[in-house]
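Since the structure comes first, as structure tokens, the remarks are kept for the end.
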Amino acid sequence: MSAGHRFFFCHWDGRLEPFLTAAALKQVFGDYGYPVSLVEELSQAAPFEDFDFVTTWVNNRVPALEPDKTVLLVVGDESGQVPMGTKGARLVLRTGAKSSGPLFSPGQRPMSLCLLSSVREIRNISLRFARRLKGLPLVTPRHVECLPIWMVGDITLEPVAMPLRKWSLSFAGGIGPHRKVGKRRFPSSPKAAARLAMLEGLRRLSAAMPGLDVRVVCTDLEPALSRSEYHELLQQSRISLCPRGNVPETFRLFESARLGCAVICDPLPKCWYFVNHPFVELKDWRKLPELVSELMLDENEISKRGDRSRQWWEKVASPSAVTGNLVGRWRGGRGLTSQPDRR
């Protein structure tokens, strides 16, 4: 490692805390091992061997950085923003897409999801506009790259052969903010709208295919699984349901790919790491029974999708793969134009 390397974490008040090594950042990120691994990988790559690395949660107080010698890694942004004061950053890496979704998705259902997604994106655009009105130093770095959102916790398990898995499909997670009136639930966020639609799809699936081995853990109604139990559930699932969260992508999608599940998800953003992805995009979760019955007709197809999910993780989304992609894109890269499977 070059003697010129320096590693920092920028706190909410703008204070830079130095660390001797990239691995030492584990003290800050704890169970978020993924960003630490990425900084370690990048710091050893030829284009960045003499750069400083600054990591931070979302904030607007990143201090002036050494010109052309700094890589800034922003973790946790869900509103499509880039911190101010990044004038000296040669490269800004931020988790998630540059938007929380398209401004309008007429083909997506239910309409509550389409409407709430539009409201969320309008809010994000307003935040960027408000920054300009406040006169904040809106500096566009030379290069801003979007990265996969991080998995929570390192996964030590390995994929199990598809025929040996216990569950046909599974979901474990919360619904999100919503209001219950009588027997009806009204969402107040895109996350809740998508997940309530998924629960309705699961209810219809249970009626259409009562013998299917389904495991659903809704943390709004029952205790959450431990991390090891959650990873074991994914390891034992043929199909993993990954409805959107506050942004179109979720931790669950990357964890499911890591463990070789076939993935059903909401339409994904147009990011470089989702080009030619192997997942099945579903615009209306209430049509889940038709999709699952189609997939279940061919067990080999589910196995192939699970294998492609694992390959996508290894070749595109893992820290080493992301580093390789960034290095290639930094040096000119290559265009990727294949289209995903949309349902």
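Take the residues in region 194-227 that are basic (K, R) and part of a helix (DSSP H, G or I); name whichever of them is farthest from W285 (Cα to Cα). Per the stated criteria, the residue is R227.
Could you tell me which residue of region 265-290 is farthest from F171 (Cα to Cα), considering only residues that are among the hydrophobic types (A, V, I, L, M, F, W, C) and out of contact with any strand residue (DSSP E or B) (no Cβ under 7 Å at 6 or more places or on another chain)? If we take residues in region 265-290 being among the hydrophobic types (A, V, I, L, M, F, W, C) and out of contact with any strand residue (DSSP E or B) (no Cβ under 7 Å at 6 or more places or on another chain), then W272 is farthest from F171 (Cα to Cα). Looking at the structure I just gave you, is A194 modelled with pLDDT under 90, among the aliphatic types (A, V, I, L, M) and in the same structural domain as S318 (by TED's automatic domain parsing)? Spelling it out, A194 is indeed modelled with pLDDT under 90, among the aliphatic types (A, V, I, L, M) and in the same structural domain as S318 (by TED's automatic domain parsing).
In region 8-107, counting only strands (runs of 3 or more DSSP E) that sit wholly within it, the ones holding 2 or more residues that are buried (at least 21 other Cβ atoms within 10 Å of the Cβ) and modelled with pLDDT of 80 or more span 52-57, 70-75, 89-95.
Within region 197-236, restricting attention to residues that are modelled with pLDDT under 90 and more than 28 Å from R310 (Cβ to Cβ), the residue that is surrounded by the fewest Cβ atoms within 10 Å (Cβ to Cβ) is P223.
The values are calculated or read from the model by the stated rules, or taken from the named source; none is laboratory data. Source: prediction; values computed, not measured. Methodologically, a virtual Cβ is constructed for each residue, glycine included, from the backbone with ideal geometry; neighbour enumeration extends over all protein chains shown.
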